[in-house]
Amino acid sequence: HSDDDTESGVLTKTRPKTKRPPRYKVLLLNDDYTPMEFVVMVLERFFGMTHAQAFEIMLTVHKKGVAVVGVFSHEVAETKVGQVMDFARRHQHPLQCTMEKEE
Ligand code: TYC
């Protein structure tokens, strides 16, 4: 037992290990060709945003180059990225969506 000092005489401390699973930011990237209305539709369809929320985030990406559109578990983030990339490809738009570990 790591809190025991019976063997070595050295006291050690253990923290109760309840590590939360890592979260992943899903990022949307700007480009010069994807129509604004298409990006708004993507945000409504795959991220459950209202039209107003979606329009606001789309404009942020358009102006700043990138924005976080949501934070999810690894599995959900991967699914969202896949859905967006597949939808964009099927519509022949160069829209890029990626994920990165939080912190
Ligand atoms: N910049 C694009 C345009 O002017 C719009 C756009 C916004 C594209 C957000 C991608 O993630 C994006 N049509």
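Nothing in this text is a laboratory measurement; each read-out follows from the coordinates by a stated rule. From a predicted model like this one, the values you see are computed outputs, not experimental measurements. Positions of Cβ are generated from backbone atoms using ideal geometry, with glycine treated the same way; all protein chains shown enter the neighbour counts.
With the biggest extent put first, the Cα atoms of the chain measure 69, 24, 23 Å across the principal axes.
Between the amide H of MET99 and those of LEU27, distances stay under 5 Å, these residues lying 5 or more places away or on another chain, with hydrogens modeled in the peptide plane. Given a Förster radius of 30 Å and the C-beta distance between HIS74 and ARG45 as r, what FRET efficiency does 1/(1 + (r/R0)^6) yield to the nearest 0.05? Here the calculated transfer efficiency is 0.90.
What are the semi-axes of the equivalent ellipsoid for region 59-103, taken as the square roots of 5 times the Cα gyration tensor eigenvalues, largest first, in whole Å?
Numbers: eigenvalues 68, 53, 9 Å².
For region 59-103, the ellipsoid semi-axes come out as 18, 16, 7 Å.
Which length gain, in nm to one decimal place, applies between THR18 and TYR33 when the Cα-Cα distance is subtracted from 0.36 nm times their residue separation? Before the final figure, lay out the partial values.
Numbers: separation 15, 0.36 × 15 = 5.40 nm, distance 4.55 nm.
Once the chain is fully extended between THR18 and TYR33, it gains 0.9 nm.
Comparing ALA67, ALA52, ALA77 in a Gaussian network model of the chain (Cα springs below 10 Å), the most mobile by mean-square fluctuation is ALA52.
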